[in-house]
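The values are calculated or read from the model by the stated rules, or taken from the named source; none is laboratory data. Note that this is a predicted model, so its numbers are computed, not measured. Cβ placement follows ideal geometry from the backbone for every residue including glycine, while neighbour counts extend to all protein chains displayed.
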Amino acid sequence: MERSRRKEIEHHLTEEEIDELLREAEDDHHLRRLGFLKNLYRGDSIPEAADREGRSAATGGRWADAWNEDGLEGLMPSFGGGRPPKLDEDEQDELVEMLRDGQPWKSQEIQHLLQEEFGVSYSPNYLGTFLRKLGLSYAKPRPKRPHRPENPDEILEERVDDALDEDDQPHNKREGEDEEGWIVEDDICTDGGTVLGFFDASKPQPYDNSRRVWYVDDPHIERELVKTHDSAVGFYALNGESLVTFTENEEKEQICGVLEKIREQNPGKRILLVLDKHGSHRCKHTRKRAHQLGIDLIFIPSGSPHLNPIEQVWKYLKWTMAPIVVESEAEFK
């Protein structure tokens with residue numbers, strides 16, 4: 001809708017000329033389109049101007065594009081002669097609402113819908129053009145994560161608030177677990193404030209191909225591929241010292257080793273560490289070791305990686321590294 005409001009409307013005619021055309025109009029088709037144009041001239045957004053004439057925002061968008069590109073001739077096609085469209089404007093609006101309710105659709109499903117509801121069919125070669133004119137887009141659907149809760153942002157915010165409310169109970173300890181070992185080490189100090197950061201692991205490769213390149217014949221790269229089997233593990237601190245290191249794997253012992261490095265980088269403060277529910281992150285061994293280091297773990301809701309900003313850091317690093325040529329794994333690290 002915001003894009004529609006910002007669309008520049010060409011002034012091919014004066015408002016007085018539009019008023020004269022409105023007085024001379026003899027059918028509803030012309031009256032609606034000229035009325036829509038008059039509404040735009042008076043400052044309406046495209047959806048508002050279309051709604052005043054009983055038309056959808058999508059129809060208004062098509063009318064505005066036709067006016068901008070071809071003026072009055074584009075906005076006011078001949079409705080008398082020539083082959084009429086298979087669906088009139090009202091039917092097209094009805095079709096868009098049907099498609100909105102059941103989206104996304106395959107082309108074959110839309111063909112079936114057109115035949116069942118309107119008794120018409122379109123050539124497969126033309127169907128895409130027709131649907132784009134109606135304002136539809138054609139793209140791969142993004143899968144919806146089935147385990148993601150309805151309000152992951154609110155859940156994470158509540159978990160952070162709970163962690164900030166310090167009490168005598170170990171934050172990482174679960175109800176029913178034994179008491180042994182849930183003690184912060186004597187040399188760990190946590191009364192100097194709080195560090196908040198995000199934790200994650202990734203497996204970047206020197207040959208990640210995430211950037212476009214210029215080429216004359218064939219866009220392939222002829223060089224030996226340098227590989228690494230190690231994981232990059234990162235701590236993205238919002239108000240402390242961040243850390244990136246490599247580990248042989250992502251098992252609990254390796255993860256705890258990284259937690260120890262994070263503690264070394266951020267001494268004297270309590271650490272709130274936001275991370276996903278990977279098995280090595282939420283196991284008792286890791287949770288207990290984190291508590292001993294004065295690190296409280298806050299787990300992101302299932303299926304919500306978008307809440308961890310370090311995911312975007314990994315993506316940027318992979319994009320940045322893509323054009324860099326390295327000769328060895330050590331050079332890559």
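Worth a mention:
- Of residues in the range 164-200 being in contact with an Asp or Glu (Cβ under 7 Å, 6 or more places away or on another chain) and either of a type in the set (Lys, Arg) or at pLDDT below 90 (or both), the one surrounded by the fewest Cβ atoms within 10 Å (Cβ to Cβ): HIS171
- The single residue among ASP161, ASP93 that is within 30 Å of ILE300 (Cβ to Cβ) and at pLDDT 85 or above turns out to be ASP161.
- For first residues located in the range 33-58 and within 20 Å of ASP90 (Cα to Cα), partners that are crowded, with 20+ Cβ neighbours inside 10 Å and of a type in the set (Val, Ile, Thr) and lie 6+ apart or on another chain with Cβ distances below 8 Å form the pairs ALA50/THR59; ALA57/ILE46.
- Failed criterion for LEU273 (all others in (1) touching a residue at least 60 places away in the same chain (Cβ under 8 Å); (2) exposed (fewer than 15 other Cβ atoms within 10 Å of the Cβ) hold): (2)
For (1) part of a strand (DSSP E or B); (2) more than 24 Å from GLU154 (Cβ to Cβ); (3) not assigned by TED's automatic domain parsing to the domain that holds HIS171, each residue gets a yes or a no:
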| residue | (1), (2), (3) |
| --- | --- |
| VAL274 | yes, no, no |
| SER280 | no, yes, no |
| ARG287 | no, no, no |
| HIS291 | no, yes, no |
| ILE298 | yes, no, no |
| GLY303 | no, no, no |
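- Within the set TRP314, TRP319, the sole residue that is crowded, with 17+ Cβ neighbours inside 10 Å, at pLDDT below 95 and part of a helix (DSSP H, G or I) turns out to be TRP314.
- Looking only at the range 60-84, and only at residues there that are touching a His at 6+ places or on another chain (Cβ under 7 Å) and in a loop (DSSP other than H, G, I, E, B), the one that is modelled with the lowest pLDDT: PHE79
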